[in-house]
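Down below is the structure, laid out as C-alpha cells.
Read-outs: derived from the displayed coordinates by stated rules, not from any lab. Please read these numbers as outputs of a predicted model, since none were measured by experiment. Cβ placement follows ideal geometry from the backbone for every residue including glycine, while neighbour counts extend to all protein chains displayed.
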C-alpha cells in the first residue's frame, strides 16, 4: 500500500503552484495551518542547498474534530501533510498523505469512515491539479 497520492503539475512557477494547491485544498474544505519551507530552513540551519520543497499542513476542521473525539492521540497524525516539490526532472510535483495508510497502525475501527472520507477529498485535490 502506498502512503501517498501524487501528480505532476503543468504549472512551472513554484509560488503559483503553492497558490493553486492551497485553493484546491480550500475547495475541499481544508485550510493550511502550517507551511514549512524546507529548502529555506535547510539553508538557514545547515547552510546547504536543497530543491524547492514545501510542506503544507492541511486541516479539515469537522473531520479533525470527529477523529479527535474517536481517538484522543490521533493528533499525532494531524494535520494532513501535502508536499509541493521540484522533482529531479525539474517538474513541480504535489503529493498528499494517504490517511488510510497512516491510520492503519492506530487500530481503531471508528476512524475508518473518517479516514476514507478524507482520503477521497485529498484524492480529489490531486486529481483537480492534474
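Taking label positions 7 Å along the Cα-Cβ direction at both residue 19 and residue 130, the computed distance is 2.5 nm, reported to one decimal. Fraction of C-alpha pairs exceeding 24 angstrom in the chain: 30 percent, rounded to a whole number. Quick check on the chain: helices-only [θ] at 222 nm, where DSSP H runs of length 4 and up contribute -39,500 (n - 2.57) each and the sum goes over total residues. Nearest 500, please. Calculated at 222 nm, the ellipticity per residue is -13000 deg cm²/dmol. If you run the Gaussian network model on the chain, springs between alpha carbon atoms under 10 Å, then out of 43, 110, 20 the most flexible one is 43. Between 44, 81, 27, the Gaussian network model of the chain with springs among Cα atoms under 10 angstrom shows the greatest mean-square fluctuation at 44.
Cut-off 10 angstrom, C-alpha nodes, Gaussian network model of the chain. Which of 38, 92, 55 fluctuates the most? Judging by the Gaussian network model, the answer is 38. Straightening the chain between residue 44 and residue 108 buys 19.0 nm, computed as 0.36 nm per residue apart minus the Cα-Cα spacing.
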